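See below for the structure under consideration.
The values are calculated or read from the model by the stated rules, or taken from the named source; none is laboratory data. Given the structure is predicted, the values throughout are model-derived calculations rather than measurements. All Cβ positions, even for glycine, are placed from backbone atoms using ideal geometry, and neighbour counts span all protein chains on display.
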Amino acid sequence: MQNQNIVYRIPLDVHDQTVAAARVVLSADEVAKADRFLVEPPRRQYSLCRRALRVVIGRTLNCDPTAVRFRAQRYGKPELDFGRMKLEKSDLKLAQALQFNVSHSGDLGLIALSLDPIGVDIEKLQPRINAKSLMTQVVSPKELAQWQSLAASQHTEQILRLWVCKEALLKAMGLGIAECLKQVSFPLPIGTQPLKLSHIDPSVQLHLNEAADCRCNSWVLPNTWRIQPLAIDPGYYAAVATMGNCTEVKLVDFEV
């Protein structure tokens, strides 16, 4: 894998046979998690996305998808447990550097791969979305004046664009949205071009690194991150957050 950021687009509107085949690739823990979903759509989304993740990583590391092993970071973000994977020396070195993230909504999923921290999020536009309610959870104090200057007709689109940008960033940091959603700020309105943050509250550092050393200090600097809104499909909003020298994001369709 070259030094690049790749986002795979995963179709989730498939027939039952494809879902059954996907479960064969999953681990026993993943099958159990899928079965805990009480309704079919999220069960299908999880199974297909997890299968696609295993296939993508398997192809990248030249190993069987069933041999891929995962572990969870502090806030639940998955990472490779490469110590439990049998890999050639060159592939093991790549596995130690490989970063990935997954998101799904509706009939689409996204898998992001990079050699640097990366996060991705996708949200489907729902017919009864309440932008006013969401803004109290998403809009930061530093964004409030810009939000209030937007036309009411922009609120639904802008709250979804803001949501996916923030969640992609927090996922790249390995954080949950409950911790820091209103502690990061973007210039509004958000369009389709790459953008930088306008502010990250320094308190985010406490969530990043309890040891209080310098490893993640640069992560709370707005210029560290580049946020790229993604044009996926009509009715969907998505974004990917990246850092490092590679700024290009390559969007490709996942092939079984």
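Among the residues of the stretch 31-44, is any in contact (Cβ under 8 Å) with a residue 24 or more places away in the chain and either touching a Lys or Arg at 6+ places or on another chain (Cβ under 7 Å) or polar (S, T, N, Q) (or both)? Taking every residue of the stretch 31-44 in turn, none turns out to be in contact (Cβ under 8 Å) with a residue 24 or more places away in the chain and either touching a Lys or Arg at 6+ places or on another chain (Cβ under 7 Å) or polar (S, T, N, Q) (or both).
So is Leu108 closer than 22 Å to Ile6 by Cβ, buried (at least 21 other Cβ atoms within 10 Å of the Cβ) and within 21 Å of the chain's Cα centre (by Cα) or not? Yes, satisfied.
Filtered by the rule that a residue be at pLDDT 90 or above and closer than 18 Å to Gly109 by Cα, the stretch 13-30 gives Val25, Leu26, Glu30. With respect to being over 21 Å from Ala241 (Cα atoms), at pLDDT below 90, in a helix (DSSP H, G or I) and under 19 Å from the mean Cα position of the chain (by Cα), Arg51 falls outside the description.
Among the numbered conditions (1) part of a strand (DSSP E or B); (2) of a type in the set (A, V, I, L, M, F, W, C); (3) under 21 Å from Ala231 (Cβ atoms), the only one that Leu160 does not meet is (1). Of the residues making up the stretch 21-33, those that are touching a helix residue (DSSP H, G or I) at 6+ places or on another chain (Cβ under 9 Å), assigned to a helix (DSSP H, G or I) and more than 17 Å from Phe254 (Cα to Cα) are Arg23, Val24, Glu30, Val31, Lys33. Across the stretch 111-145, the number of residues qualifying as within 21 Å of the chain's Cα centre (by Cα), aliphatic (A, V, I, L, M) and part of a helix (DSSP H, G or I) comes to 3. Residues in the stretch 60-90 that are more than 20 Å from the chain's Cα centre (by Cα) and either under 14 Å from Ile111 (Cα atoms) or assigned to a helix (DSSP H, G or I) (or both): Leu61, Pro65, Thr66, Ala67, Phe82, Gly83, Arg84, Lys89, Ser90.
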